[in-house]
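Novice: Mind having a look at this structure? Questions to follow.
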Amino acid sequence: MGTLSNEEIVEAAETLRPRLGEMLGKSGASQAESLLTSLDTSNEEAVRRTANRLLDIFQEHAALEEMKDTVSMLAPHAESSGSAMRGYSPLGGEPGPIAAAGVLYRCPVSGCDFTWQPQVAGQSVPLCPHHHRCLVKEGEC
């Protein structure tokens, strides 16, 4: 990665804000938090000074590489949030709510009263314990 811009440094520090304590210790986190809280982003010189001080703090606490990793992770987002229009491709499948609660599966064998309801998303549908057949959604049998 090349030279970091002042804005990238500040954005990375903002993104890492919840983890500043574990990364920089109490003192470093307090300094970084104070810089971020008082920053006037409309003042270029203030952004430059803050970015330089943040780099110093991260370097002092051996957390500079993690900050750079965060900047590189944010880079695609920064490019896409610019003025250039991007295409939109919806996800596959039918739009609408996903039925999770209230889904009931039953044995397809006539006269069998075995039913089963998933408890968590992604749970595999079991076989009927009596007929060893795949259960089907109620209303589809």
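Novice: So which residues in the stretch 15-43 are surrounded by 15 or more Cβ atoms within 10 Å (Cβ to Cβ) and among the acidic types (Asp, Glu)?
Specialist: The answer is Glu33, and nothing else.
Novice: Among the residues of the stretch 108-141, write down those that are basic (Lys, Arg) and in a strand (DSSP E or B).
Specialist: Lys137
Novice: Going through Ala51, Ala84 one at a time, which residue ends up being modelled with pLDDT of 75 or more and among the aliphatic types (A, V, I, L, M)?
Specialist: From the options Ala51, Ala84, the qualifying one is Ala51.
Novice: Of everything in the stretch 1-48 that's more than 22 Å from the chain's Cα centre (by Cα) and closer than 17 Å to Ser72 by Cα, which residue is modelled with the lowest pLDDT?
Specialist: Met1
The values are calculated or read from the model by the stated rules, or taken from the named source; none is laboratory data. Bear in mind that the values here come from a model prediction, so they are computed numbers and not experimental data. Positions of Cβ are generated from backbone atoms using ideal geometry, with glycine treated the same way; all protein chains shown enter the neighbour counts.
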